[in-house]
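The values are calculated or read from the model by the stated rules, or taken from the named source; none is laboratory data. In this text, all values refer to a predicted model and were calculated from it rather than measured experimentally. Here the Cβ is made from the backbone with ideal geometry for all residues, glycine too, and neighbour counts use every protein chain on show.
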Amino acid sequence: MNTIEILHSKIINLMKKNILVIPGDGIGQEVTIWGKKVLEKIGQKYGHEFSFDEAIMGHVAIEATGNPLPDETLEKAKSSDAILFGAIGHAKYDNDPSAKVRPEQGLLKIRKELGLYANLRPILLFDELLDASSLKPEVLKGTDILFFRELTGDVYFGEKNRSEDNNFASDLMNYNRYEVERIAHKAFEAARTRSKKLCSVDKANVLETSRLWREVVQEIAKQYPDVETEHMFIDNAAMQLVKNPKKFDVVLTANLFGDILTDEASQIAGSMGMLASASIGDGTGFFEPIHGSAHDIAGQNKANPLASILSAALMLDISFGLQTEAKEVTEAVAAALKAGWRTGDIANANTPADKILGTQEMGAQVLEFIK
Ligand code: NAD
C-alpha cells in the first residue's frame, strides 16, 4: 500500500475502538501481548484510535476472586467493541475432575452471556509451512477451509449428572431449532462469498440432536440454491479431513464435533499455535487462538504467538471491517515465515537452529514486517 492509499484510507475510515484484552492462563499470558502489540501498531499506522483495557478470567481469576468470570470482567466485556482472549486452564483442575469451580466455566459463561453462537475457525495454510505438518505437502497444498462451530449448545451446556454411588454419569446433548438455524445462515452466507460449497457434519445415523441438525440444515439449504450442500457423518469427516482436506470449503458443525475436528485440522496448518478463531453472535466479537493454556510449555518463551496475532487480524476484519489492515497483519506473518523464522512447534529437522525463535522474538519479527 502506498502513502496516498494509506492517507485515503485514513480519511474515509478512521476508527475509534475500545478493545478488551483477557490474557487468561498459561501461555495465554505470553501470546496475547503480541496480538495486542500488533493491534497497537496497526492503529498507529492507519490512524485508528484503539484503546485497550485488561481483565482476568480462568485460573488467575479464581485465585484472585474465587470466580472464573468476575462480574467486573463480564461488564468490561459487554461494554467493549471487541475482545482479544488468550486461553484458560491449569493442570490442577485437569487432574481433579471433582473441582466444583473450574477455569473453563468462565469461558463457557462469557460465550453464553455475550451470545457468541458461531465460532469461525479458518484453516489458513501458509505455503512456507507445508513441510511443518505430519501430512504430505501434496495432500495439503491448496487447502482452504472455514469451520463454523456452534458454540452455545450441545453437551457443553446440557444437564450433567453423577449418581450418588458414583458409578454413573451423564451429559445431556441438546439443541434447539433456532440454535441450528442461526449458525446455518451464517455458514451459508459465508459459503456464498467463497467457493459456494458447504459440508454439514453430524451423526444423524445415531443421535436425535443430529437428526434435528440435518433436518434444519436441509430446510435452510433451500434458501441458498446456489450453494452445493453436502451432509457427512463426523467419523467419515474426521477421516476425509486428513485423506483429502482440499475437498472441504465451508464446514458447519455442532459444538463438540467442531471442537475435535478443528484440533485435527490444526495439523493441516502445521500446529495448534497457528490457528486463530472468531466467536461472533449478536454483540461483541471474541477473538482467540484455538489452543489452550499449554501447561507443558507455559512460562518458557516457547509458545507460538502467531495464532494470537492472526486472531487480531480476524478482529480487524470481522468486528471492525478493516480488511486492508487485516490483510497487512496476515502478510506480516507470511513474511516472517518466508524469512525462515520458526517457533519450535513449526520447525522441523531441516530448520537451522538460529532460525528457531522464542515467543517474544517471533512476535517482534512480525511487528518488524508491519512497516
Ligand atoms: P493445549 O492446546 O493447551 O495444548 C495441546 C498441545 O499443543 C500441547 O503440547 C501444547 O504445548 C501445544 N500447543 C498449544 N498451543 C501452542 C502454541 N501456541 N505454541 C506451541 N505449542 C502449542 O491443550 P491441552 O494440553 O489439551 O490443554 C491444556 C489446558 O488448556 C487445559 O487446562 C485445558 O482445559 C485448557 N484449554 C483451554 C482452551 C481455551 O482456553 N480455549 C482450549 C483448549 C484447552
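Tabulated results
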item: The range 279-305 - residue that is in contact with a Gly (Cβ under 6 Å, 6 or more places away or on another chain), of a type in the set (G, A, S) and modelled with pLDDT of 95 or more and, of those, farthest from the ligand (Cβ to nearest atom); result: A298
item: Condition met for L316 (surrounded by 24 or more Cβ atoms within 10 Å (Cβ to Cβ), within 14 Å of the ligand (Cβ to nearest atom) and farther than 27 Å from Y178 by Cα); result: no
item: Scope the range 144-182; condition among the aliphatic types (A, V, I, L, M) and either closer than 17 Å to R121 by Cβ or surrounded by 14 or more Cβ atoms within 10 Å (Cβ to Cβ) (or both); matching residues; result: I145, L146, L151, V155, M173, V180
item: Criterion: in a loop (DSSP other than H, G, I, E, B), more than 13 Å from the chain's Cα centre (by Cα) and surrounded by 24 or more Cβ atoms within 10 Å (Cβ to Cβ) - qualifying residue of A294, A303; result: A303
item: Residue tally, condition assigned to a loop (DSSP other than H, G, I, E, B), within 16 Å of the ligand (Cβ to nearest atom) and out of contact with any strand residue (DSSP E or B) (no Cβ under 6 Å at 6 or more places or on another chain), over the range 36-67; result: 1
item: Residue within the range 344-367 that is on the phi > 0 side of the Ramachandran plot and touching a residue at least 24 places away in the same chain (Cβ under 8 Å) present; result: no
item: Tally of residues being crowded, with 16+ Cβ neighbours inside 10 Å and either without any contact (Cβ under 8 Å) to a residue 24 or more places away in the chain or over 12 Å from L146 (Cα atoms) (or both) across the range 183-199; result: 2
item: Only listed residue being of a type outside the set (A, V, I, L, M) and either within 20 Å of G281 (Cβ to Cβ) or assigned to a helix (DSSP H, G or I) (or both), chosen from Q240, Q223; result: Q240
